There are 2 protein chains.
Amino acid sequence: MTNLTVVFLGTGGSWPTPQRNLPAIGIKFGSEVLLFDCGEGTQRQIMQTSLSFMKISKIFITHFHGDHFLGLPGLIQSMALNDRSQPLHIYGPKGIEDLVSRLVSLGYFGLTYDIHANEVKDGDILEFKKYRIRVLRADHTVPALAYVFEERERRGKFDRRKAIALGVPEGPLFGKLQRGECIEVHGRIIRPEDVLGPPRKGRKIVYSGDTRPLESIAEASKDADLLIHDSTLASDLSDTAHEFGHSTAKEAAIIAKKAKARMLALFHISPRYAEDDEVLEKEAREVFENVFVARDFMELDIRYQN
Amino acid sequence: MTNLTVVFLGTGGSWPTPQRNLPAIGIKFGSEVLLFDCGEGTQRQIMQTSLSFMKISKIFITHFHGDHFLGLPGLIQSMALNDRSQPLHIYGPKGIEDLVSRLVSLGYFGLTYDIHANEVKDGDILEFKKYRIRVLRADHTVPALAYVFEERERRGKFDRRKAIALGVPEGPLFGKLQRGECIEVHGRIIRPEDVLGPPRKGRKIVYSGDTRPLESIAEASKDADLLIHDSTLASDLSDTAHEFGHSTAKEAAIIAKKAKARMLALFHISPRYAEDDEVLEKEAREVFENVFVARDFMELDIRYQN
């Protein structure tokens, strides 16, 4: 089993507060680190967690408001100052190539590695060896995306009794079947599918970025292990939330409920709740039970449901 | 008397550590805040001190290495999000106009106030109502500046006995003379210079930026109340310091001693001393007694010496 950990690096929005830095989420999957958004100060937030900023392989930017990307140039430069050699992949909406080329040309600075900036759009599916990233349109004041991290399907459960009934002796042959290899017992071939249950779905994490509530995000979040959703304001300020292209905590909870998500993290908390964010959790919990307000440096292990 | 406070906002260099953010120094003079350098994360550092980021009137950038200016775009944007209307002045080496115009054109964002970017060079003296800023060349790997903050001369000491001898009655007329106004006593004009001693020099703070030790900085720091000097490395790494255009703690102390400065702050501390910076203070103190290693969030009131 590959360890999957979500690390909240910055959980505020617009401008930082002493309590919350600007949006950034690390997903540690095995030895790889994926970064979603990169507000100013993210490199230093990373240094205060179990993550290594040198292990970041891919960065996904939701949109081009400064609070979501102004940590990129410093992070890119620190990677170079620490002699990074492996390439870095940065994904984002239309314009990401131009933005990245502007960011790396600020001031005196030399890259020690390649950066590949990749424009992605609604409906794109980026396939990697052990996971895929689905790209969704978000509904914000400027072009914006949401991202879905989906671990690939795992092999089905090993049926120990079935294996014994087929004459497989306990021991190393069990492991071979579990790893998907065929074996031979008394001249007979036994295939993994003879003793493994149906493939089990992988773990799923959804990050909405900045967005009004969207049915399409609810659909894409179906049975997600964790939905990290825009929850900038409480419902008494729903007009303001609407005006600035954000969701209320209650609206985030309704999306989580529709999606039958396993857990909801309220994210992109307005500076106005710096001292007291309980109101957000309270109104969300009336709609969806398994909810928490994300706080900087929270680390969450995502385990298999099946 | 105008209060003068130095606030160390970020005291590290190159990349941040959990202990130190990137270079930034606030000088609070009365109700005005001057900012010297602005590493990534400076706006959030400010929020954790007695300073208000909205009160910053002028920003002085020493050079265009990312650790000294990448906090500008976020700070500029947060000022706009908080409806700043008064203009902001940014000073720096040749290229500052171009840099600022690039920084404000990153991503979606609208300014609510004017930014005036001003190129300054060695020898320039910027005159303001209550202080002046002298600009000096620093000696770094790229074009770099040092800045001297000099409070204007104050009126001389009020000679109470002389005033009484001249027939001035104790009371409000004393205050008028102290404020520089002429008064009339029994038909005779008494001028402030009759009862005030010679003008007293204002307070002086020098910030070297990133630099090799320079005689010219020592001269400009003569009798400074505070010299904030590059002290990236200890003397066992003086070759590295030289190679990268920095000073050792000992070299900083020699400059302070030559200048007969009142106090030396070791600044721009390399990440390698994150856990233990005592070595720097120790080697500097062998040369210059009144020295300390600057740490993030230190606030220092600068009082009159005379």
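The phi torsions of the stretch B:117-133, fed into the Karplus equation with coefficients 6.51, -1.76 and 1.60 and a -60° offset, translate into couplings of 9, 10, 6, 10, 8, 2, x, 5, 10, 9, 9, 10, 4, 10, 7, 10, 10 Hz, rounded to whole numbers, with Gly and Pro shown as x.
Each copy carries a label point for residue B:118 at 7 Å from Cα along the beta-carbon vector; from one copy to the others these points are 4.8 nm apart, nearest first. Backbone phi angles across the stretch A:173-181, fed through the Karplus curve with coefficients 6.51, -1.76 and 1.60 (θ = phi - 60°), yield HN-Hα couplings of 5, 4, x, 4, 4, 5, 7, x, 9 Hz in residue order; Gly and Pro are listed as x.
Hey, if you put +1 on the Cβ of every Lys and Arg and -1 on every Asp and Glu Cβ in the protein assembly as shown, which of A:69, A:213, B:197 ends up farthest toward the positive end of that dipole? Towards the positive end, the residue furthest out is B:197. Once backbone amide H atoms are built at 1.01 Å from N, residue A:60 has A:35, A:36, A:37, A:91 as its partners under 5 Å, excluding neighbours fewer than 5 places away on the same chain. Taking all Cα pairs closer than 8 Å and separated by 6 or more residues, the relative contact order of the stretch B:117-256 comes to 22 percent. Mean separation of Cα pairs under 8 Å and 6 or more residues apart, divided by the residue count, gives chain A a relative contact order of 17 percent.
Working note: 222 nm ellipticity from helices only, DSSP H runs with n ≥ 4, each -39,500 (n - 2.57), summed and divided by the residues of chain B, gives -6000 deg cm²/dmol to the nearest 500. Given a 1.4 angstrom probe, I'd like the percentage of the accessible area of chain B that is carbon and sulfur, rounded to a whole number. Answer for chain B: carbon and sulfur cover 49 percent of the accessible area. All alpha carbon pair distances within chain A were sorted into 20 Å bins beginning at 0; the resulting P(r) in whole percents reads 32, 49, 17, 1. How big is the B-A contact in terms of buried accessible area, both chains counted, 1.4 Å probe, rounded to the nearest 100 Å²? What B and A bury together is about 3000 Å².
Taken about its Cα centre, the protein assembly as shown carries a charge dipole of about 540 debye when Lys and Arg each add +1 at the Cβ and Asp and Glu each add -1 at the Cβ. DSSP beta bridges fully contained in the protein assembly as shown are about 55 percent antiparallel. Once the chain from residue B:19 to residue B:200 is taken as fully extended at 0.36 nm per residue, the excess over their C-alpha distance is 61.2 nm.
Rolling a 1.4 Å probe across the protein heavy atoms gives the protein assembly as shown an accessible surface of 43 Å² per residue. Between residue B:122 and residue B:173, the simple spin-label model (points 7 angstrom out along Cα→Cβ) gives 5.5 nm. Only the Cβ atoms of Lys and Arg (+1) and of Asp and Glu (-1) were treated as charged; on that basis the dipole of chain B about its Cα centre amounts to roughly 1580 debye. For the stretch A:224-230, the Karplus equation 6.51 cos²θ - 1.76 cosθ + 1.60, evaluated at θ = phi - 60°, returns couplings of 4, 5, 8, 10, 9, 10, 3 Hz by residue, with Gly and Pro reported as x.
The values are calculated or read from the model by the stated rules, or taken from the named source; none is laboratory data. Computed from a predicted structure; not experimentally measured. Don't worry about glycine lacking a Cβ; one is built from the backbone with ideal geometry, like all the others, and counts go over all protein chains shown. Only protein heavy atoms, including side chains, enter the accessible area calculation; ligands, DNA and RNA are left aside. Shrake-Rupley method; radii C 1.70, N 1.55, O 1.52, S 1.80 Å.
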